[in-house]
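The values are calculated or read from the model by the stated rules, or taken from the named source; none is laboratory data. Remember, it's a predicted structure, so these values are computed and weren't measured experimentally. Virtual Cβ from ideal backbone geometry, glycine too; neighbours counted across all protein chains shown. Protein only, heavy atoms only, side chains kept; ligands, DNA and RNA dropped before computing areas. Shrake-Rupley method; radii C 1.70, N 1.55, O 1.52, S 1.80 Å.
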Amino acid sequence: MNSDSELPPRVPAPIRGASPADLDEAARVILSGGLVAVPTETVYGLAADATNGLAVAKIFTAKGRPSFNPLICHVSNLAMAAELAEFSPLALSLARAFWPGPLTLVLPRTRTCPVSDLATAGLDTIALRSPKHVATLGLIERVGRPLAAPSANPSETISPTTAAHVAHNLASKIDLIIDGGACSAGLESTIIALAGSGAVMLRPGALERSQIESLTGPLASPDASKGILAPGMMRRHYAPRARLRLNALDPQPGEAYLAFGAPPKPHSPSLNLSIRGDLEEAASNLFAMLRALDESHDSIAEAPIPGHGIGEAINGRLSRAGGNS
Ligand code: TXA
Ligand code: MG
């Protein structure tokens, strides 16, 4: 994906330190829907307000990700985390032992979780961690909301462990870079999914298996864990139950219509991904609108979406949703 041609030219993001004034500025950028590269102990993250779907969509555009992976949401403490996910006793003891630190927990979302469906790719679960870096913890405290942040590198390139790496690869696509020095671990967090009583290692990372197993007992691998996990737990994306007809200009009788842009005919669309034809707005609405129509209809007709920019990820997601993957 190359969205450069569709975006206005941008000045390279300024690089700031981690003084209180710098963090205040970063918090203002995040709260106004911008993107800030932030230091963590593992790798630099590309952060946005996780509750703002449009801001989360910008992460995917900046990374040039051709598909929507669910993102890790970063919190400053356990109280913030508990508003987002259901903590079992085992989840609580892992968070108490290893946060802040390089452990990501995949847990069921709470019913009132305010995180955008795009950040979790429409899943009923959410990945959470509290990063061990004073600057980023201070930023999250100032924002007062979770920060969605994948590693701050263009898709399919090496994760950055210094502010200079981020500046080199992403400066023209983001709003601000916080330089908090070189990452101490230099390797991504370990990801553990908890469902029922079982713990599954989804990604090995900076926190060693043996340390986690001292609390969880032997960790299952994702393949061996199908019996442990609740149905749907391992699905990386929301999969609609309804039949999905793509590139539809008109709904047929009985079909819900998921529109994009001004509807070409005088049908009233059931829902519109973006009346003004904005792809980032469409991305931010995609999972929530699919879910809403899926609950009320057996068939959904879906309007054509341009394939440029983040439209590639939207179309990829829709064709998998319609193709039983
Ligand atoms: O160290 C790290 O974890 C860094 C720093 C910035 O925190 N972040 C990071 O994010 O590596 P990212 O987006 O590159 O990797 C997140 C991984 C992805 O493989 C994604 O599929 C998985 O977490 N993930 C996120 N939410 C999930 C969920 N609900 N269920 C299963 N996997 C999930
Ligand atoms: Mg990554």
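Consider residue 100 carefully, then state whether it is at pLDDT 95 or above, of a type outside the set (Asp, Glu) and more than 16 Å from ligand 2 (Cβ to nearest atom). Can you show your working first?
Working: at pLDDT 95 or above: yes; of a type outside the set (Asp, Glu): yes; more than 16 Å from ligand 2 (Cβ to nearest atom): yes.
Judged against the criteria, residue 100 is a match.
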- Only residues that are open to solvent by 40 Å² or more (accessible area, probe 1.4 Å) and closer than 18 Å to residue 120 by Cα: list them for region 286-324, please. 288, 291, 292, 315, 320
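Suppose we keep only residues that are within 16 Å of ligand 2 (Cβ to nearest atom) and modelled with pLDDT of 95 or more within region 121-135. Which one would you say is nearest to residue 71 (Cα to Cα)?
Within region 121-135, the subset within 16 Å of ligand 2 (Cβ to nearest atom) is 121, 127, 129, 131.
Adding the requirement that they be modelled with pLDDT of 95 or more leaves 127, 129, 131.
Details: 127: 7, 129: 11, 131: 14 Å.
Step by step, filter region 121-135, then rank; the result is 127.
Yes/no per residue for (1) at pLDDT 95 or above; (2) within 26 Å of residue 82 (Cα to Cα); (3) touching a strand residue (DSSP E or B) at 6+ places or on another chain (Cβ under 9 Å):
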{"site": "138", "(1), (2), (3)": "yes, yes, no"}
{"site": "144", "(1), (2), (3)": "yes, yes, no"}
{"site": "147", "(1), (2), (3)": "yes, yes, yes"}
{"site": "156", "(1), (2), (3)": "no, no, no"}
{"site": "168", "(1), (2), (3)": "no, no, no"}
{"site": "175", "(1), (2), (3)": "yes, no, yes"}
{"site": "186", "(1), (2), (3)": "no, no, no"}
{"site": "195", "(1), (2), (3)": "no, yes, yes"}
{"site": "202", "(1), (2), (3)": "no, yes, yes"}
- How many of the residues making up region 23-40 are surrounded by 21 or more Cβ atoms within 10 Å (Cβ to Cβ) and in a loop (DSSP other than H, G, I, E, B)? 3
- Note on the structure: Selection from region 142-160 of residues away from ligand 2 (no atom under 12 Å from the Cβ) and in contact (Cβ under 8 Å) with a residue 24 or more places away in the chain yields 142, 143, 145, 146, 147, 148
